[in-house]
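Before any comments, here is the structure.
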Protein chains: 2
Amino acid sequence: MSAISLSGKELAASLRARAKEAADALTAAGTPPRLAVVVATDDGSSLWYVRSIAKAAAKSGIVCDVVDLGADATVAEIRRALETLSADDTVHGVILQTPLPEGASAADLAGTIDPAKDVDGANPASLGRLAARLPAFAPATAEAVVALLDHHEVPLPGRHVVVVGRSTVVGVPAAHLLLARDATVSVCHSRTADLPGMTRRADVLVVAAGRAGLVTAGHVAPGTVVVDVGTNPAGDGGLVGDVAPEVSEVAGALTPVPGGVGPVTTALLLGHTVAAAAHLTQR
Amino acid sequence: MSAISLSGKELAASLRARAKEAADALTAAGTPPRLAVVVATDDGSSLWYVRSIAKAAAKSGIVCDVVDLGADATVAEIRRALETLSADDTVHGVILQTPLPEGASAADLAGTIDPAKDVDGANPASLGRLAARLPAFAPATAEAVVALLDHHEVPLPGRHVVVVGRSTVVGVPAAHLLLARDATVSVCHSRTADLPGMTRRADVLVVAAGRAGLVTAGHVAPGTVVVDVGTNPAGDGGLVGDVAPEVSEVAGALTPVPGGVGPVTTALLLGHTVAAAAHLTQR
(Lines give C-alpha, C1' and ligand atoms only; values in the text may rest on other atoms or scores of the structure.)
Protein backbone atom coordinates (compact mmCIF):
# COMPACT_ATOMS: atom_id res chain seq x y z
CA MET A 1 0.00 0.00 0.00
CA SER A 2 1.27 3.45 -0.79
CA ALA A 3 1.28 6.34 1.70
CA ILE A 4 -1.12 9.25 1.35
CA SER A 5 0.75 12.18 -0.21
CA LEU A 6 0.67 15.27 2.02
CA SER A 7 1.05 17.90 -0.68
CA GLY A 8 1.91 21.47 0.27
CA LYS A 9 0.65 22.98 -2.97
CA GLU A 10 -2.94 23.70 -1.95
CA LEU A 11 -1.94 25.23 1.40
CA ALA A 12 0.84 27.26 -0.25
CA ALA A 13 -1.58 28.62 -2.85
CA SER A 14 -4.04 29.76 -0.20
CA LEU A 15 -1.24 31.34 1.89
CA ARG A 16 0.11 33.13 -1.18
CA ALA A 17 -3.37 34.40 -2.09
CA ARG A 18 -3.80 35.78 1.42
CA ALA A 19 -0.32 37.41 1.25
CA LYS A 20 -1.14 38.96 -2.15
CA GLU A 21 -4.36 40.48 -0.86
CA ALA A 22 -2.53 42.06 2.11
CA ALA A 23 0.39 43.16 -0.11
CA ASP A 24 -1.95 44.84 -2.60
CA ALA A 25 -3.72 46.70 0.20
CA LEU A 26 -0.38 47.92 1.60
CA THR A 27 0.77 49.02 -1.87
CA ALA A 28 -2.51 50.86 -2.44
CA ALA A 29 -1.96 52.64 0.87
CA GLY A 30 1.48 53.78 -0.31
CA THR A 31 3.73 51.17 1.33
CA PRO A 32 4.73 48.42 -1.08
CA PRO A 33 5.99 45.56 1.10
CA ARG A 34 9.66 44.91 0.46
CA LEU A 35 11.78 41.87 1.25
CA ALA A 36 15.59 41.85 1.09
CA VAL A 37 17.59 38.63 0.76
CA VAL A 38 21.29 38.90 1.59
CA VAL A 39 23.35 36.34 -0.33
CA ALA A 40 27.05 35.55 0.11
CA THR A 41 27.45 32.24 -1.69
CA ASP A 42 27.68 30.76 -5.15
CA ASP A 43 26.09 27.48 -4.04
CA GLY A 44 23.77 26.44 -6.85
CA SER A 45 20.83 25.10 -4.87
CA SER A 46 20.93 28.12 -2.55
CA LEU A 47 20.81 30.50 -5.52
CA TRP A 48 17.99 28.44 -7.04
CA TYR A 49 16.04 28.84 -3.79
CA VAL A 50 16.63 32.62 -3.72
CA ARG A 51 15.37 32.94 -7.29
CA SER A 52 12.25 30.96 -6.36
CA ILE A 53 11.58 33.32 -3.43
CA ALA A 54 12.06 36.37 -5.67
CA LYS A 55 9.67 34.96 -8.27
CA ALA A 56 7.03 34.06 -5.69
CA ALA A 57 7.36 37.50 -4.07
CA ALA A 58 6.84 39.25 -7.39
CA LYS A 59 3.71 37.18 -8.06
CA SER A 60 2.35 38.15 -4.64
CA GLY A 61 2.95 41.88 -5.09
CA ILE A 62 6.01 41.98 -2.82
CA VAL A 63 9.18 43.74 -3.94
CA CYS A 64 12.18 41.44 -3.45
CA ASP A 65 15.74 42.80 -3.48
CA VAL A 66 18.51 40.22 -3.75
CA VAL A 67 21.59 41.78 -2.17
CA ASP A 68 24.39 39.61 -3.57
CA LEU A 69 27.66 40.24 -1.73
CA GLY A 70 29.46 37.42 -3.52
CA ALA A 71 31.00 34.23 -2.15
CA ASP A 72 34.09 36.11 -0.96
CA ALA A 73 32.16 38.59 1.22
CA THR A 74 33.70 39.28 4.65
CA VAL A 75 31.84 38.97 7.95
CA ALA A 76 32.04 42.76 8.34
CA GLU A 77 30.47 43.30 4.90
CA ILE A 78 27.61 40.93 5.68
CA ARG A 79 27.04 42.57 9.06
CA ARG A 80 27.02 46.03 7.49
CA ALA A 81 24.48 44.95 4.85
CA LEU A 82 22.16 43.54 7.54
CA GLU A 83 22.50 46.70 9.64
CA THR A 84 21.77 48.94 6.66
CA LEU A 85 18.67 46.93 5.70
CA SER A 86 17.47 46.81 9.32
CA ALA A 87 17.67 50.61 9.46
CA ASP A 88 16.05 51.15 6.03
CA ASP A 89 12.40 52.18 6.52
CA THR A 90 11.43 50.98 3.02
CA VAL A 91 12.51 47.40 3.83
CA HIS A 92 10.14 45.22 5.90
CA GLY A 93 11.70 41.78 5.79
CA VAL A 94 15.36 40.74 5.88
CA ILE A 95 16.64 37.23 5.17
CA LEU A 96 20.24 36.07 5.47
CA GLN A 97 20.65 33.20 3.02
CA THR A 98 22.94 30.28 3.89
CA PRO A 99 25.52 28.87 3.32
CA LEU A 100 27.86 31.69 4.31
CA PRO A 101 31.59 32.08 3.67
CA GLU A 102 33.83 30.05 5.99
CA GLY A 103 34.25 31.64 9.41
CA ALA A 104 30.88 33.44 9.28
CA SER A 105 28.29 32.31 11.86
CA ALA A 106 24.73 32.61 10.58
CA ALA A 107 23.24 32.77 14.10
CA ASP A 108 25.74 35.41 15.21
CA LEU A 109 25.25 37.57 12.07
CA ALA A 110 21.46 37.19 12.19
CA GLY A 111 21.58 38.80 15.64
CA THR A 112 22.03 42.02 13.62
CA ILE A 113 18.60 41.70 11.93
CA ASP A 114 15.91 43.88 13.53
CA PRO A 115 13.55 41.32 15.16
CA ALA A 116 10.60 43.23 13.64
CA LYS A 117 12.01 42.42 10.17
CA ASP A 118 13.33 38.95 11.01
CA VAL A 119 10.80 37.19 8.77
CA ASP A 120 12.76 33.92 8.73
CA GLY A 121 13.23 33.86 12.52
CA ALA A 122 17.01 33.69 12.21
CA ASN A 123 17.92 36.13 15.00
CA PRO A 124 18.65 34.10 18.19
CA ALA A 125 16.39 36.61 20.00
CA SER A 126 13.49 35.39 17.82
CA LEU A 127 14.37 31.76 18.62
CA GLY A 128 14.46 32.57 22.34
CA ARG A 129 11.08 34.29 22.18
CA LEU A 130 9.70 31.28 20.31
CA ALA A 131 11.10 28.94 22.98
CA ALA A 132 9.60 31.16 25.70
CA ARG A 133 6.28 31.25 23.79
CA LEU A 134 6.37 35.00 23.25
CA PRO A 135 5.30 36.54 19.91
CA ALA A 136 8.07 36.20 17.28
CA PHE A 137 8.54 35.16 13.67
CA ALA A 138 9.34 31.45 13.55
CA PRO A 139 11.82 30.13 10.99
CA ALA A 140 9.57 29.59 7.98
CA THR A 141 10.65 25.99 7.35
CA ALA A 142 9.90 24.96 10.93
CA GLU A 143 6.53 26.70 10.82
CA ALA A 144 5.78 25.05 7.47
CA VAL A 145 6.14 21.61 9.08
CA VAL A 146 3.42 22.38 11.62
CA ALA A 147 1.24 24.26 9.12
CA LEU A 148 1.33 21.30 6.73
CA LEU A 149 0.40 18.84 9.50
CA ASP A 150 -2.47 21.14 10.53
CA HIS A 151 -3.65 21.52 6.95
CA HIS A 152 -3.86 17.74 6.59
CA GLU A 153 -5.53 17.47 10.02
CA VAL A 154 -2.81 15.38 11.63
CA PRO A 155 -3.44 15.68 15.38
CA LEU A 156 -0.46 16.72 17.54
CA PRO A 157 -1.46 17.03 21.23
CA GLY A 158 -0.10 14.15 23.28
CA ARG A 159 1.41 12.41 20.26
CA HIS A 160 5.04 11.46 19.91
CA VAL A 161 6.84 13.48 17.26
CA VAL A 162 10.42 12.49 16.47
CA VAL A 163 12.51 15.20 14.81
CA VAL A 164 15.68 14.07 13.02
CA GLY A 165 18.09 17.02 12.90
CA ARG A 166 19.03 19.62 15.50
CA SER A 167 19.81 22.65 13.37
CA THR A 168 19.01 26.13 14.64
CA VAL A 169 17.04 26.83 11.45
CA VAL A 170 14.78 23.76 11.34
CA GLY A 171 15.11 20.96 13.91
CA VAL A 172 15.30 23.02 17.07
CA PRO A 173 12.60 25.59 16.23
CA ALA A 174 10.33 22.81 14.90
CA ALA A 175 10.75 21.06 18.26
CA HIS A 176 9.68 24.28 20.02
CA LEU A 177 6.61 24.74 17.83
CA LEU A 178 5.62 21.08 18.29
CA LEU A 179 6.06 21.31 22.09
CA ALA A 180 3.88 24.42 22.08
CA ARG A 181 1.26 22.28 20.33
CA ASP A 182 1.42 19.75 23.20
CA ALA A 183 3.27 17.05 21.27
CA THR A 184 5.83 14.90 23.06
CA VAL A 185 9.02 15.71 21.15
CA SER A 186 12.24 13.72 20.65
CA VAL A 187 15.21 15.22 18.83
CA CYS A 188 17.66 12.83 17.12
CA HIS A 189 20.80 13.66 15.21
CA SER A 190 24.03 12.30 13.76
CA ARG A 191 25.23 11.16 17.20
CA THR A 192 22.02 9.29 18.11
CA ALA A 193 23.02 5.74 19.08
CA ASP A 194 20.02 3.87 17.63
CA LEU A 195 18.29 6.07 15.06
CA PRO A 196 15.88 3.44 13.67
CA GLY A 197 14.98 2.46 17.26
CA MET A 198 13.99 6.07 17.96
CA THR A 199 12.27 6.86 14.67
CA ARG A 200 10.22 3.65 14.69
CA ARG A 201 8.55 4.90 17.90
CA ALA A 202 7.21 8.06 16.25
CA ASP A 203 3.56 8.81 15.58
CA VAL A 204 4.85 11.66 13.41
CA LEU A 205 8.39 11.69 12.01
CA VAL A 206 9.96 14.98 10.89
CA VAL A 207 13.19 14.53 8.95
CA ALA A 208 15.42 17.61 8.64
CA ALA A 209 18.90 16.15 8.50
CA GLY A 210 20.03 17.37 5.09
CA ARG A 211 21.14 13.92 3.94
CA ALA A 212 19.50 12.37 0.88
CA GLY A 213 17.86 9.04 1.61
CA LEU A 214 18.89 8.97 5.28
CA VAL A 215 15.54 7.58 6.41
CA THR A 216 14.70 4.21 4.87
CA ALA A 217 11.78 1.81 5.27
CA GLY A 218 13.57 0.23 8.25
CA HIS A 219 13.32 3.53 10.14
CA VAL A 220 9.54 3.81 9.89
CA ALA A 221 6.78 1.91 11.69
CA PRO A 222 3.73 1.11 9.54
CA GLY A 223 1.23 3.97 9.47
CA THR A 224 3.62 6.72 10.61
CA VAL A 225 3.07 10.25 9.27
CA VAL A 226 6.40 11.36 7.73
CA VAL A 227 7.36 14.96 6.97
CA ASP A 228 10.40 15.24 4.70
CA VAL A 229 12.13 18.61 5.10
CA GLY A 230 15.17 17.63 3.04
CA THR A 231 15.96 19.42 -0.21
CA ASN A 232 19.09 17.78 -1.57
CA PRO A 233 20.30 18.29 -5.14
CA ALA A 234 19.54 15.22 -7.27
CA GLY A 235 21.72 13.95 -10.08
CA ASP A 236 19.18 15.08 -12.68
CA GLY A 237 19.20 18.71 -11.49
CA GLY A 238 16.03 18.24 -9.42
CA LEU A 239 15.57 17.87 -5.66
CA VAL A 240 15.36 14.80 -3.45
CA GLY A 241 14.39 14.64 0.19
CA ASP A 242 16.00 13.02 3.25
CA VAL A 243 13.46 10.18 3.03
CA ALA A 244 14.05 7.29 0.62
CA PRO A 245 11.20 6.69 -1.89
CA GLU A 246 10.60 3.13 -0.54
CA VAL A 247 9.29 4.70 2.72
CA SER A 248 6.01 5.42 0.94
CA GLU A 249 5.36 1.64 1.05
CA VAL A 250 5.40 1.70 4.88
CA ALA A 251 4.37 5.18 6.03
CA GLY A 252 0.73 6.11 6.49
CA ALA A 253 1.31 9.52 4.93
CA LEU A 254 4.33 11.29 3.47
CA THR A 255 5.10 14.80 2.25
CA PRO A 256 6.49 14.85 -1.31
CA VAL A 257 9.79 16.49 -2.32
CA PRO A 258 9.42 18.77 -4.16
CA GLY A 259 5.89 20.03 -3.52
CA GLY A 260 5.61 19.41 0.24
CA VAL A 261 7.25 21.58 2.88
CA GLY A 262 9.08 23.74 0.30
CA PRO A 263 6.20 25.73 -1.25
CA VAL A 264 4.62 26.22 2.20
CA THR A 265 7.92 27.64 3.49
CA THR A 266 8.11 30.19 0.68
CA ALA A 267 4.46 31.16 1.13
CA LEU A 268 4.96 31.64 4.89
CA LEU A 269 7.99 33.90 4.23
CA LEU A 270 5.77 36.09 2.04
CA GLY A 271 3.08 36.10 4.73
CA HIS A 272 5.61 37.10 7.37
CA THR A 273 6.85 39.92 5.12
CA VAL A 274 3.41 41.48 4.68
CA ALA A 275 2.73 41.03 8.41
CA ALA A 276 6.03 42.81 9.18
CA ALA A 277 5.18 45.59 6.71
CA ALA A 278 1.72 46.07 8.22
CA HIS A 279 3.19 46.17 11.73
CA LEU A 280 6.10 48.49 10.83
CA THR A 281 3.89 51.00 9.01
CA GLN A 282 1.58 51.14 12.02
CA ARG A 283 4.28 51.97 14.55
CA MET B 1 19.38 -2.87 45.67
CA SER B 2 19.49 0.84 46.32
CA ALA B 3 20.53 3.43 43.73
CA ILE B 4 23.84 5.25 43.98
CA SER B 5 23.21 8.73 45.43
CA LEU B 6 24.42 11.48 43.09
CA SER B 7 25.06 14.16 45.69
CA GLY B 8 25.57 17.76 44.60
CA LYS B 9 27.34 18.83 47.79
CA GLU B 10 30.92 18.12 46.77
CA LEU B 11 30.55 19.78 43.35
CA ALA B 12 28.73 22.77 44.91
CA ALA B 13 31.51 23.22 47.48
CA SER B 14 34.18 23.27 44.80
CA LEU B 15 32.17 25.69 42.62
CA ARG B 16 31.60 27.97 45.63
CA ALA B 17 35.30 27.90 46.51
CA ARG B 18 36.19 28.89 42.97
CA ALA B 19 33.57 31.68 43.03
CA LYS B 20 34.92 32.96 46.38
CA GLU B 21 38.45 33.12 45.03
CA ALA B 22 37.33 35.14 42.02
CA ALA B 23 35.04 37.33 44.17
CA ASP B 24 37.86 38.12 46.61
CA ALA B 25 40.17 39.08 43.75
CA LEU B 26 37.52 41.40 42.31
CA THR B 27 36.88 42.98 45.70
CA ALA B 28 40.62 43.48 46.26
CA ALA B 29 40.75 45.21 42.86
CA GLY B 30 37.98 47.60 43.96
CA THR B 31 34.92 45.95 42.40
CA PRO B 32 32.99 43.87 44.92
CA PRO B 33 30.73 41.60 42.82
CA ARG B 34 27.07 42.39 43.46
CA LEU B 35 23.97 40.32 42.76
CA ALA B 36 20.42 41.74 42.90
CA VAL B 37 17.38 39.50 43.35
CA VAL B 38 14.03 41.09 42.47
CA VAL B 39 11.18 39.56 44.48
CA ALA B 40 7.44 40.19 44.03
CA THR B 41 5.86 37.32 45.94
CA ASP B 42 5.11 36.18 49.45
CA ASP B 43 5.36 32.51 48.49
CA GLY B 44 7.16 30.77 51.36
CA SER B 45 9.38 28.37 49.43
CA SER B 46 10.38 31.11 47.01
CA LEU B 47 11.40 33.40 49.89
CA TRP B 48 13.26 30.49 51.50
CA TYR B 49 15.20 30.02 48.25
CA VAL B 50 16.06 33.73 48.03
CA ARG B 51 17.38 33.68 51.61
CA SER B 52 19.53 30.67 50.78
CA ILE B 53 21.01 32.49 47.77
CA ALA B 54 21.71 35.59 49.88
CA LYS B 55 23.44 33.49 52.56
CA ALA B 56 25.52 31.58 50.02
CA ALA B 57 26.49 34.84 48.28
CA ALA B 58 27.64 36.39 51.55
CA LYS B 59 29.79 33.34 52.33
CA SER B 60 31.38 33.60 48.87
CA GLY B 61 32.20 37.29 49.18
CA ILE B 62 29.40 38.44 46.88
CA VAL B 63 27.12 41.29 47.91
CA CYS B 64 23.47 40.26 47.47
CA ASP B 65 20.67 42.83 47.43
CA VAL B 66 17.14 41.48 47.77
CA VAL B 67 14.84 44.01 46.11
CA ASP B 68 11.46 43.09 47.59
CA LEU B 69 8.65 44.83 45.69
CA GLY B 70 5.90 42.96 47.57
CA ALA B 71 3.31 40.51 46.29
CA ASP B 72 1.12 43.37 45.01
CA ALA B 73 3.82 44.87 42.75
CA THR B 74 2.64 45.95 39.30
CA VAL B 75 4.23 44.85 36.03
CA ALA B 76 5.45 48.43 35.50
CA GLU B 77 7.13 48.47 38.92
CA ILE B 78 8.90 45.18 38.26
CA ARG B 79 10.02 46.37 34.82
CA ARG B 80 11.34 49.63 36.27
CA ALA B 81 13.31 47.78 38.96
CA LEU B 82 14.91 45.50 36.35
CA GLU B 83 15.76 48.48 34.12
CA THR B 84 17.31 50.40 37.02
CA LEU B 85 19.43 47.42 38.08
CA SER B 86 20.48 46.72 34.48
CA ALA B 87 21.70 50.32 34.21
CA ASP B 88 23.43 50.36 37.63
CA ASP B 89 27.20 49.93 37.13
CA THR B 90 27.69 48.59 40.66
CA VAL B 91 25.33 45.64 39.98
CA HIS B 92 26.72 42.67 38.00
CA GLY B 93 23.99 40.05 38.24
CA VAL B 94 20.20 40.44 38.15
CA ILE B 95 17.71 37.68 38.99
CA LEU B 96 13.93 37.93 38.71
CA GLN B 97 12.51 35.51 41.26
CA THR B 98 9.28 33.63 40.49
CA PRO B 99 6.37 33.29 41.06
CA LEU B 100 5.23 36.74 39.97
CA PRO B 101 1.91 38.53 40.56
CA GLU B 102 -0.92 37.41 38.30
CA GLY B 103 -0.74 38.91 34.81
CA ALA B 104 3.05 39.31 34.90
CA SER B 105 5.02 37.19 32.39
CA ALA B 106 8.46 36.19 33.71
CA ALA B 107 9.87 35.67 30.19
CA ASP B 108 8.52 39.00 28.98
CA LEU B 109 9.80 40.94 32.01
CA ALA B 110 13.17 39.17 31.95
CA GLY B 111 13.64 40.59 28.45
CA THR B 112 14.44 43.82 30.33
CA ILE B 113 17.51 42.31 32.05
CA ASP B 114 20.82 43.28 30.40
CA PRO B 115 22.04 39.95 28.88
CA ALA B 116 25.50 40.68 30.33
CA LYS B 117 23.91 40.59 33.82
CA ASP B 118 21.40 37.84 33.12
CA VAL B 119 23.11 35.34 35.45
CA ASP B 120 20.08 33.04 35.60
CA GLY B 121 19.59 33.00 31.81
CA ALA B 122 16.00 34.29 32.09
CA ASN B 123 16.05 36.77 29.20
CA PRO B 124 14.61 35.05 26.09
CA ALA B 125 17.62 36.47 24.21
CA SER B 126 19.87 34.33 26.44
CA LEU B 127 17.70 31.28 25.80
CA GLY B 128 17.89 31.90 22.05
CA ARG B 129 21.67 32.25 22.16
CA LEU B 130 21.85 29.02 24.15
CA ALA B 131 19.66 27.27 21.55
CA ALA B 132 21.85 28.67 18.77
CA ARG B 133 24.98 27.58 20.70
CA LEU B 134 26.29 31.13 21.08
CA PRO B 135 27.88 32.28 24.38
CA ALA B 136 25.21 33.09 27.00
CA PHE B 137 24.41 32.44 30.64
CA ALA B 138 22.29 29.29 30.90
CA PRO B 139 19.51 29.09 33.49
CA ALA B 140 21.44 27.86 36.54
CA THR B 141 19.10 24.95 37.30
CA ALA B 142 19.38 23.58 33.75
CA GLU B 143 23.16 23.96 33.82
CA ALA B 144 23.27 22.26 37.25
CA VAL B 145 21.65 19.14 35.76
CA VAL B 146 24.43 18.76 33.20
CA ALA B 147 27.18 19.78 35.66
CA LEU B 148 26.01 17.16 38.15
CA LEU B 149 25.94 14.44 35.48
CA ASP B 150 29.45 15.46 34.38
CA HIS B 151 30.72 15.51 37.96
CA HIS B 152 29.51 11.93 38.46
CA GLU B 153 30.94 10.94 35.06
CA VAL B 154 27.62 9.95 33.50
CA PRO B 155 28.28 9.86 29.73
CA LEU B 156 25.91 11.85 27.52
CA PRO B 157 26.92 11.63 23.82
CA GLY B 158 24.57 9.38 21.88
CA ARG B 159 22.55 8.42 24.96
CA HIS B 160 18.81 8.90 25.30
CA VAL B 161 17.92 11.55 27.86
CA VAL B 162 14.23 11.98 28.66
CA VAL B 163 13.31 15.34 30.22
CA VAL B 164 9.96 15.52 32.02
CA GLY B 165 8.82 19.16 32.05
CA ARG B 166 8.89 21.82 29.32
CA SER B 167 9.31 25.01 31.34
CA THR B 168 11.33 27.90 29.95
CA VAL B 169 13.44 27.94 33.12
CA VAL B 170 14.41 24.26 33.37
CA GLY B 171 13.04 21.69 30.90
CA VAL B 172 13.61 23.56 27.64
CA PRO B 173 17.08 24.96 28.42
CA ALA B 174 18.16 21.59 29.86
CA ALA B 175 17.09 20.00 26.57
CA HIS B 176 19.28 22.52 24.69
CA LEU B 177 22.31 21.90 26.90
CA LEU B 178 21.87 18.12 26.56
CA LEU B 179 21.53 18.35 22.77
CA ALA B 180 24.70 20.44 22.68
CA ARG B 181 26.35 17.53 24.51
CA ASP B 182 25.25 15.13 21.75
CA ALA B 183 22.53 13.39 23.75
CA THR B 184 19.35 12.27 22.02
CA VAL B 185 16.70 14.28 23.89
CA SER B 186 12.98 13.65 24.43
CA VAL B 187 10.78 16.21 26.18
CA CYS B 188 7.63 14.97 27.96
CA HIS B 189 5.03 16.98 29.83
CA SER B 190 1.54 16.96 31.29
CA ARG B 191 -0.02 16.21 27.89
CA THR B 192 2.26 13.26 27.06
CA ALA B 193 0.01 10.30 26.24
CA ASP B 194 2.11 7.49 27.75
CA LEU B 195 4.55 9.01 30.25
CA PRO B 196 5.83 5.71 31.75
CA GLY B 197 6.27 4.33 28.22
CA MET B 198 8.53 7.29 27.39
CA THR B 199 10.44 7.51 30.67
CA ARG B 200 11.16 3.78 30.76
CA ARG B 201 13.15 4.21 27.53
CA ALA B 202 15.58 6.70 29.08
CA ASP B 203 19.24 6.06 29.74
CA VAL B 204 19.12 9.27 31.79
CA LEU B 205 15.85 10.65 33.17
CA VAL B 206 15.62 14.33 34.16
CA VAL B 207 12.47 15.20 36.09
CA ALA B 208 11.54 18.88 36.27
CA ALA B 209 7.76 18.81 36.44
CA GLY B 210 7.20 20.52 39.80
CA ARG B 211 4.89 17.75 41.08
CA ALA B 212 5.86 15.82 44.20
CA GLY B 213 6.16 12.09 43.61
CA LEU B 214 5.13 12.27 39.92
CA VAL B 215 7.72 9.70 38.86
CA THR B 216 7.27 6.31 40.53
CA ALA B 217 9.08 2.99 40.25
CA GLY B 218 6.82 2.07 37.32
CA HIS B 219 8.26 4.98 35.30
CA VAL B 220 11.88 3.86 35.56
CA ALA B 221 13.72 0.98 33.86
CA PRO B 222 16.28 -0.79 36.06
CA GLY B 223 19.65 0.94 36.06
CA THR B 224 18.46 4.33 34.79
CA VAL B 225 20.28 7.46 36.00
CA VAL B 226 17.62 9.76 37.48
CA VAL B 227 18.05 13.50 38.09
CA ASP B 228 15.35 14.96 40.33
CA VAL B 229 14.99 18.72 39.79
CA GLY B 230 11.81 19.02 41.87
CA THR B 231 11.77 21.09 45.05
CA ASN B 232 8.26 20.79 46.43
CA PRO B 233 7.32 21.84 49.97
CA ALA B 234 6.91 18.79 52.22
CA GLY B 235 4.43 18.52 55.08
CA ASP B 236 7.23 18.76 57.64
CA GLY B 237 8.55 22.10 56.32
CA GLY B 238 11.29 20.41 54.29
CA LEU B 239 11.60 19.71 50.57
CA VAL B 240 10.62 16.72 48.45
CA GLY B 241 11.45 16.06 44.82
CA ASP B 242 9.34 15.03 41.82
CA VAL B 243 10.63 11.47 42.15
CA ALA B 244 9.03 9.08 44.67
CA PRO B 245 11.47 7.56 47.23
CA GLU B 246 10.71 4.00 46.00
CA VAL B 247 12.48 4.85 42.70
CA SER B 248 15.82 4.36 44.48
CA GLU B 249 15.01 0.62 44.52
CA VAL B 250 14.97 0.55 40.70
CA ALA B 251 17.21 3.35 39.41
CA GLY B 252 20.93 2.83 38.95
CA ALA B 253 21.66 6.26 40.37
CA LEU B 254 19.52 9.10 41.75
CA THR B 255 20.13 12.69 42.84
CA PRO B 256 18.89 13.38 46.39
CA VAL B 257 16.44 16.17 47.30
CA PRO B 258 17.64 18.21 49.06
CA GLY B 259 21.37 18.03 48.40
CA GLY B 260 21.37 17.21 44.68
CA VAL B 261 20.63 19.75 41.94
CA GLY B 262 19.77 22.53 44.44
CA PRO B 263 23.19 23.37 45.92
CA VAL B 264 24.82 23.12 42.47
CA THR B 265 22.27 25.60 41.10
CA THR B 266 23.06 28.15 43.81
CA ALA B 267 26.80 27.68 43.36
CA LEU B 268 26.50 28.17 39.58
CA LEU B 269 24.52 31.40 40.13
CA LEU B 270 27.41 32.71 42.24
CA GLY B 271 29.90 31.61 39.58
CA HIS B 272 27.89 33.39 36.89
CA THR B 273 27.80 36.54 39.02
CA VAL B 274 31.59 36.73 39.43
CA ALA B 275 32.01 35.92 35.71
CA ALA B 276 29.61 38.76 34.86
CA ALA B 277 31.44 41.13 37.24
CA ALA B 278 34.83 40.22 35.73
CA HIS B 279 33.47 40.73 32.22
CA LEU B 280 31.65 43.99 32.99
CA THR B 281 34.66 45.57 34.72
CA GLN B 282 36.84 44.72 31.73
CA ARG B 283 34.62 46.39 29.15
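Computed quantities for the displayed model
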{"read-out": "Other-copy label distances relative to A:Lys20, 7 angstrom Cα-Cβ extension, nm", "value": "7.2"}
{"read-out": "Shortest-first distances to equivalent copies, position B:Ala87, nm, label 7 Å out along Cβ", "value": "2.4"}
{"read-out": "Label point 7 Å beyond Cα along the C-beta direction, distances from A:Gly158 to other copies (nm, shortest first)", "value": "3.7"}
{"read-out": "Potential extension, A:Asp68-A:Ser14 segment - 0.36 nm per residue separation minus Cα distance", "value": "16.4 nm"}
{"read-out": "Burial order of peptide ranges B:251-264, B:8-21 (average beta-carbon count within 10 Å, highest first)", "value": "B:251-264, B:8-21"}
{"read-out": "Spatially proximal lysines relative to A:Lys55 (Cα-Cα < 24 Å; intrachain offsets below 8 disregarded)", "value": "A:Lys9, A:Lys20, A:Lys117"}
{"read-out": "Assigned charges on the beta-carbon of Lys, Arg, Asp, Glu; chain A dipole about Cα centre (debye)", "value": "560"}
{"read-out": "Global form of segment A:31-114, assessed from the alpha-carbon gyration tensor, a/c cut-off 1.5", "value": "oblate"}
{"read-out": "Helical mean residue ellipticity (222 nm; -39500 (n - 2.57) per DSSP H run of 4+; nearest 500) of chain B", "value": "-12500 deg cm²/dmol"}
{"read-out": "GNM result for chain B, Cα springs below 10 Å: residue of B:Arg79, B:Arg181, B:Arg191 fluctuating most strongly", "value": "B:Arg191"}
{"read-out": "Spin-label model distance (nm) - B:Ala28 vs B:Ser52, 7 Å beyond Cα toward Cβ", "value": "3.2"}
{"read-out": "Dimensions in Å of the protein assembly as shown - Rg and Dmax from alpha carbons", "value": "24.5, 75"}
{"read-out": "Peptides A:83-90, B:94-101 ordered by average Cβ neighbours within 10 Å, highest first", "value": "B:94-101, A:83-90"}
{"read-out": "Whole-number D in µm² s⁻¹ for chain A, Kirkwood Cα-pair radius fed into Stokes-Einstein, 20 °C, 1.002 mPa s", "value": "112"}
{"read-out": "Residue mean of other protein chain beta carbons inside 10 Å, A:179-185", "value": "6"}
{"read-out": "0 to 90° range, to nearest 10: angle between helix B:171-180 axis and chain B longest Cα axis", "value": "80"}
{"read-out": "The protein assembly as shown, accessible area per residue, ligands and nucleic acids excluded (1.4 Å, Å²)", "value": "40"}
{"read-out": "Tilt relative to chain B, helix B:261-282 - C-alpha long axis, 0 to 90 degrees, to 10", "value": "30"}
{"read-out": "Cα long-axis angle, helix B:44-59 against chain B (0 to 90 degrees, to the nearest 10)", "value": "60"}
{"read-out": "Net charge over other residues, Cβ less than 14 angstrom from the Cβ of B:Pro256 (K, R count +1; D, E count -1)", "value": "-2"}
{"read-out": "Under the Karplus curve 6.51 cos²θ - 1.76 cosθ + 1.60, θ = phi - 60°, whole-Hz ³J(HN,Hα) for segment A:128-137, x wherever Gly or Pro sits", "value": "x, 5, 4, 5, 8, 6, 9, x, 6, 6"}
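The values are calculated or read from the model by the stated rules, or taken from the named source; none is laboratory data. Quick caveat: nothing in here was measured; it's all calculated off a predicted structure. Counting neighbours? That spans all protein chains shown, and the Cβs are built from the backbone with ideal geometry, glycine included. Ligands, DNA and RNA are excluded from the accessible area calculation, which covers all protein heavy atoms including side chains. Shrake-Rupley method; radii C 1.70, N 1.55, O 1.52, S 1.80 Å.
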